[in-house]
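To keep things clear, I will list the structure first and then write my remarks on it.
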Amino acid sequence: MDGTVILGGTGFLGPHAAALALARSRAAGSFARPLGPPVWAVGRNPDDTPRYGTPRDGVEWVQRDLEPEGAVEALLEELRPKRVLNCAAMARVAACEQDPERAARLNVGVAGEAARWCGARGARLVHVSTDLVFGATEPPRPAGFREEDPPAPVSVYGDTKARGEAAVLEACSAALVVRLPLLFGDSGGRGLGASDGLVAAVDRGERPRLFVDEWRTPLEVTQAARALVECLGRSDTGLLHVAGSARTTRHALGLVILEEYGLPPDEARACLEESRQAEVATGGPRPPDTSLDAARARRRLKSPLDDPRTALRRALGGMAEAPGEGA
């Protein structure tokens, strides 16, 4: 067994994780094997996925539909990796509300299959979950929800992700479940995440409506990916919250994004419309506050978990760092 598999490697987060996993593997390379152990990124549309890694063809892209029952275990048995990062999910809240059975298959079934294989083979598993496993209650403290707080989702998406967490930890006691918040950053021009779509809409002359009553702890996508790759090289188990250091609203995040992309504060504010959740049909229930307290991750990880403005300045200034020691 060798190498790293990234399930859901063609989404928003996956390609960044693949690039950083490749950098980690290259650091372990040799004269005979300069790229080190293989990195496989698995998804439905690898041909349309941005390549962030160096060399651009260093990651092995695998086109595979993970939805059929047994597909995940068959793939992992074929590749036999030492490490598995599961980013695969049905993540759109409205789509999950419309098709809860499919959401359960992708968010619970796929997670359980990956965990069963890793548990049986002794492979390292890091499973990605979400802050939206919370929301039915207010955070019990100003910094947000901690790992020991019980999940209380309000949507099908949040419910299936919570059940996926339980399936992973039941099938693979050595697994680590990492809850991530709202992500923003470079999606390779695909309009994914909380920033690329916003900037594109403003460029088209639209005035996006952003919530002033939805609180999150957003994290820049390369920082999320870097933390996950670092976690692959560690032995932490159970639950870990990995989130940005600032609790902020969607509207305030939008202002920071536009300002860091070059707009003066007054112009940025004029480009956005303040809105409340009750005023917008979102296709599913949205919780008012799912802020995550990431104090435990900050104590354990070397990867930065910055506030949005600092993170964007790092990313836009080309200041990205390699995964932390031990990753």
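Quick look at the numbers
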quantity: Qualifying residues in segment 43-84 (those that are over 19 Å from the mean Cα position of the chain (by Cα) and small (Gly, Ala, Ser)) - the one farthest from Arg105 (Cα to Cα); calculated: Gly58
quantity: Flag if Asp236 is surrounded by fewer than 16 Cβ atoms within 10 Å (Cβ to Cβ), out of contact with any Lys or Arg (no Cβ under 6 Å at 6 or more places or on another chain) and at pLDDT 95 or above; calculated: no
quantity: Search result, residues across segment 19-66 that are acidic (Asp, Glu) and either at pLDDT below 95 or under 20 Å from Arg226 (Cβ atoms) (or both); calculated: Asp47, Asp48, Asp57
quantity: Matching residues in segment 65-77 - criterion: being crowded, with 20+ Cβ neighbours inside 10 Å and assigned to a loop (DSSP other than H, G, I, E, B); calculated: Leu66
quantity: Count of segment 170-188 residues which are more than 30 Å from Ala252 (Cβ to Cβ), surrounded by 24 or more Cβ atoms within 10 Å (Cβ to Cβ) and among the aliphatic types (A, V, I, L, M); calculated: 1
quantity: Residues of segment 91-142 that turn out to be of a type in the set (Asp, Glu) and touching a residue at least 24 places away in the same chain (Cβ under 8 Å), as a count; calculated: 4
quantity: Matching residues, segment 260-282, being among the hydrophobic types (A, V, I, L, M, F, W, C), outside any loop (DSSP other than H, G, I, E, B) and surrounded by fewer than 13 Cβ atoms within 10 Å (Cβ to Cβ); calculated: Ala270, Ala278
quantity: Some residue of segment 233-248 being assigned to a helix (DSSP H, G or I) and of a type in the set (Gly, Ala, Ser); calculated: no
quantity: Single residue of Asp131, Asp159 found to be at pLDDT 95 or above, crowded, with 24+ Cβ neighbours inside 10 Å and among the acidic types (Asp, Glu); calculated: Asp131
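The values are calculated or read from the model by the stated rules, or taken from the named source; none is laboratory data. It should be emphasised that the depicted structure is a prediction, and the values quoted were computed from it without experimental measurement. When we count neighbours, we look across all protein chains shown, and the Cβ atoms used for this are built from the backbone with ideal geometry, even at glycine.
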